[in-house]
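Each remark here refers to the structure printed beneath this line.
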Amino acid sequence: MIRFDNVTKTYLRGQSPALANLDLEFARGEFVFLVGASGSGKSTLMRLVLKETVPTTGTVYVAGKDLSRIQSWRIPTLRRDIGMVFQDFRLLPSKTAYQNIEFALAVIGTPRRVVRKLVPEMLEMVGLEDKGRRLPHELSGGEQQRVAIARAYVNRPSILLADEPTGNLDPATAQGILDLLEQINERGTTVVMATHDRTAVDRMRKRVVELSGGHVVRDEQAGTYASVAPGSVISGNLEDGDALEPGSHAWEQAPADVEDEALFDPTEGDLLDEVEQAFAPDDDDPFRDPVPGEYLTEEDAR
Amino acid sequence: MRARYIASEIFTGLWRNIAMVISVVIVTAVSLTFVGAGLMMQKQIMDMKSTLVRESQVTLFMCSPHSTAATCAGGAATDAQIQSVRDALEGEVLSPYVSTYSERSQDEALAIYQEQFAGQGFVTDFTAADMPVSFHITLRDSERSSAVVEFFQGRDGVDEVTDLLSAFAPFIDVLNQTTFFAIGLALLMLVAAVLLVATTIRMSVANRRREIAIMRLVGASNIFIRTPFMLEGAVAGILGALIASALLWVGANYLVEGWLAQTLGTRLITVGTADLWWIAPILVVLGAVLAIASSIVSLNRYLKV
């Protein structure tokens, strides 16, 4: 489904790569956890799948297609087959839950007849059939994430990318979200989830891929968050940087995190950055729309 | 494409930027009014010139018993003098200039005179003998009328040589200058309109950055993302063009038809409200094209693909 063939991604010439000689394959229908510290290359990996950025060397295949051979005007078609879920939900604050899901269909030209059938189905699937008319700020964090998942899945993509989808949620709510992702996975969609959520990874017992400094340091079937694998950095088996000579890590020289990439490479259009900036709180404006997930709701606090 | 979705996006976009949109509409309207006025004036000039060309551009009046010019000291023009003018008009010297000419006899002149002043008491006091013989000359090239005028001016028996085109030249000149002025102003205003459209689109993009981000993420095509913005500009441009057409109608109806044509005569003033049937579509297309073009430029700058 997704294959990285000796992929290296360097954001700035002379810097150490965010991904280095990556060979990785996710099979159709697989559920994969991506773990690793911030800056380990998880986000870069997702960007490459969306063709939001192109590899410096190597080839990325999605659904059997070599992404470097996809023309720029065909990129929207590629993205229609990939759903994306974020940590901070990124729902449109002025649209209701129903309208948020409807939006994703309407903007790709889905006929209204189909939209009227699909959106209620989606709301039912994520368990919000009676809350379709609520605005995002009238929903709890978990409910907002369900709407976001419904939006990502309504077009029945064959791949779902989730970037720390449970990062803003309490454990019980997070479990509900994981169940939902598993359900989507059982319907045949390949799910790739980047996470720091130890509980989630340990409970699900799915494939775990750990990245560190742009390298795969661990790839276990039915794995756990921490591991006895000798290369695992997050398990504390290896100190950061032990495996490599000092100063070669992506996070030491390359962008500390994804936010900085636009600065480092202004010529490269970056969809994820743009989405992030679009939803970033505008601190100058006290009357701005609340950004989903910016504040914990009372329900989350409980 | 979902027409209703796009329509509602355009409306929301226009409504959110209502102040900017109003200024775009006003500036476009004013600039296109100047463009339309310029078009009308140019049409008037062309009509006037063709009328003058069609009619005899040079009129030559022979002396009548009442003429006071120095060349008429001998009283009414003699037959010999009239014949010499005829000969000259058909002669070799003037043939490069003269296309055709017609001669108006004293009887014909009297008939026209009586018709013009019908009902006035003094008309009956005149007889054919009081009237001048006249020649109405159509030139090959109306720009070269002076050669003919100079040829006849000052001849014995020739009272007056009038050049219609040169008589109207100042008027045509004024119209031409005014056209330049109007088009100049129109260009200046159109620059402002284009910049305003660009700014409005930029604000509109900023207002909808979340929607745009999600659209790109879920795979909306570039055309789909851009169309609402481009049409938003086009709607403002077209509205401006329609207002310009209305302003021109008011001007043509009250100023041109109601006053100018009454004063100068409809034979001379040929433009009017009817001309808006071809001017208005030009303005609408111009407004839409300009707005869409500046939208595309600003979208390329502010909207990543």
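Laboratory data are not the source of any read-out in this text; all were calculated from the coordinates shown. Remember, predicted model here, so these are calculated numbers, not experimental data. Note: ideal-geometry Cβ built from the backbone for every residue, glycine included; neighbour counts use all protein chains shown.
Lys and Arg at +1, Asp and Glu at -1: add these up for the other residues within a Cβ distance under 12 Å of A:N185 and post the number.
Taking every Cβ under 12 Å from that of A:N185, the sum is 0.
Around the amide H of B:E160, modelled in the peptide plane, lie the amide H atoms of B:F61, all under 5 Å away and 5 or more residues distant in sequence or on another chain.
Residue-wise HN-Hα couplings along region A:102-111, as the Karplus relation 6.51 cos²θ - 1.76 cosθ + 1.60 with θ = phi - 60° gives them from phi, are 4, 3, 4, 7, 4, 6, 9, x, 5, x Hz; Gly and Pro carry x. Highest-first packing order for the peptide set B:201-210, B:3-12 is B:201-210, B:3-12, based on the mean count of other beta carbon atoms within 10 Å.
Highest average first, the peptides A:14-23, A:211-220 ordered by how many other beta carbon atoms sit within 10 Å of their residues are A:211-220, A:14-23.
Rounded to the nearest 20, the size of the Cβ-charge dipole of the protein assembly as shown about its Cα centre is 2000 debye, with Lys and Arg at +1 and Asp and Glu at -1. Peptide A:150-159 has a mean of 1 when you count, residue by residue, the C-beta atoms of other protein chains within 10 Å of its C-beta. Give me, ordered by chain and number, the residues 5 or more places off A:H215 or on other chains with an amide H under 5 Å from its own placed amide H. Here A:A20 satisfy the definition. Sorted on the mean count of surrounding Cβ atoms within 10 Å across their residues, most packed first, peptides B:62-72, A:87-97 read A:87-97, B:62-72.
Rounded if a/c is under 1.5, else prolate if a/b is larger than b/c, else oblate: which is region B:78-181, with a ≥ b ≥ c the root eigenvalues of its Cα gyration tensor? All intermediate terms of the calculation are to be shown ahead of the outcome.
Working: a/c = 2.67, a/b = 1.23, b/c = 2.16.
Judged from the Cα gyration tensor, region B:78-181 comes out oblate (a/c at least 1.5, b/c at or above a/b).
Between amide H atoms placed 1.01 Å from N, distances below 5 Å from A:G83 occur with A:I159, A:L160, A:L161, all of them 5 or more places distant or on a separate chain. Across region B:77-88, coupling constants 3J(HN,Hα) worked out from phi with the 6.51/-1.76/1.60 Karplus curve, θ = phi - 60°, read 4, 7, 4, 5, 4, 4, 5, 5, 5, 4, 4, 4 Hz, and Gly and Pro carry x. Inter-chain neighbour count for A:104-116: the average number of beta-carbon atoms from partner chains within 10 Å of each residue's beta-carbon is 4. For peptide B:219-232, the mean count of partner chain Cβ atoms within 10 Å of a residue's Cβ comes to 3. Got a sec? Charge dipole of region B:53-166, +1 on Cβ for Lys and Arg, -1 for Asp and Glu; which of B:Y101, B:T124, B:H66 is way out at the positive end? Checked the options; the winner is B:Y101.
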